[in-house]
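Data first, discussion second: the structure below is written as structure tokens.
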Amino acid sequence: MTQRFGVSTLSKKRKLDAAALRRNMNLKGMVVVLALLFYAAIVQGFPMFRGGRCLCLGPRASAVKVAHIEKVAILYPSNSCDHMEVIVTLKAQKGQRCLDPRSKQASSMIKQAQRKSFLKKKTL
């Protein structure tokens, strides 16, 4: 009878140990998942690049011949780039040039684009 008593208490003890081990493993898994979520939330706020994602990285031209201009794109400061960018597409596949937004030619292009957008809003 003592043998039976010893076996039954031993099996109960093993079952309790297994349950505690499962609870401990679940707790560890939860801690790992919460740590990963916390890490992802922190990393989400960091900028990917220190300089942002500006298209004009190098030195900018102060002027371009008007006859060579095919298209002008003005990109205002945003979350990805802190600077205003004036990108001029040249005719005959000569590429693109970045104009300095403080130059005379670029400032006149910016004013002209602002007038066009103002007139579009006014007519609507």
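The values are calculated or read from the model by the stated rules, or taken from the named source; none is laboratory data. What you are looking at is a predicted structure, and each value in this text was computed from that prediction instead of being measured. Methodologically, a virtual Cβ is constructed for each residue, glycine included, from the backbone with ideal geometry; neighbour enumeration extends over all protein chains shown. With ligands, DNA and RNA removed, areas are computed over all heavy atoms of the protein, side chains included. Shrake-Rupley method; radii C 1.70, N 1.55, O 1.52, S 1.80 Å.
Could you tell me which residue of the stretch 41-85 is modelled with the lowest pLDDT, considering only residues that are small (G, A, S) and open to solvent by less than 50 Å² (accessible area, probe 1.4 Å)? Walk me through how you get there before you give the answer.
Pass one, the stretch 41-85, residues small (G, A, S): 41, 45, 51-52, 58, 61-63, 67, 73, 78, 80.
Among the residues that remain, those that are also open to solvent by less than 50 Å² (accessible area, probe 1.4 Å) are: 52, 58, 61, 73.
Numbers: G52: 63, G58: 84, A61: 88, A73: 90.
If we take residues in the stretch 41-85 being small (G, A, S) and open to solvent by less than 50 Å² (accessible area, probe 1.4 Å), then G52 is modelled with the lowest pLDDT.
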Identify all residues within the stretch 89-122 that are over 11 Å from C56 (Cα atoms), hydrophobic (A, V, I, L, M, F, W, C) and in contact with a strand residue (DSSP E or B) (Cβ under 9 Å, 6 or more places away or on another chain); write none if there are none. L90, A92, A106, M109, I110, A113
In the stretch 61-94, the residues that are over 22 Å from the mean Cα position of the chain (by Cα) and hydroxyl-bearing (S, T, Y): S62, T89
Could you look through the stretch 108-124, keep only residues that are over 18 Å from K71 (Cβ atoms) and of a type outside the set (D, E, K, R), and pick out the one that is most open to solvent (accessible area, probe 1.4 Å)? L124
Go through the stretch 71-124 and count every residue that is within 12 Å of L55 (Cβ to Cβ) and either part of a loop (DSSP other than H, G, I, E, B) or of a type in the set (G, A, S) (or both). 6
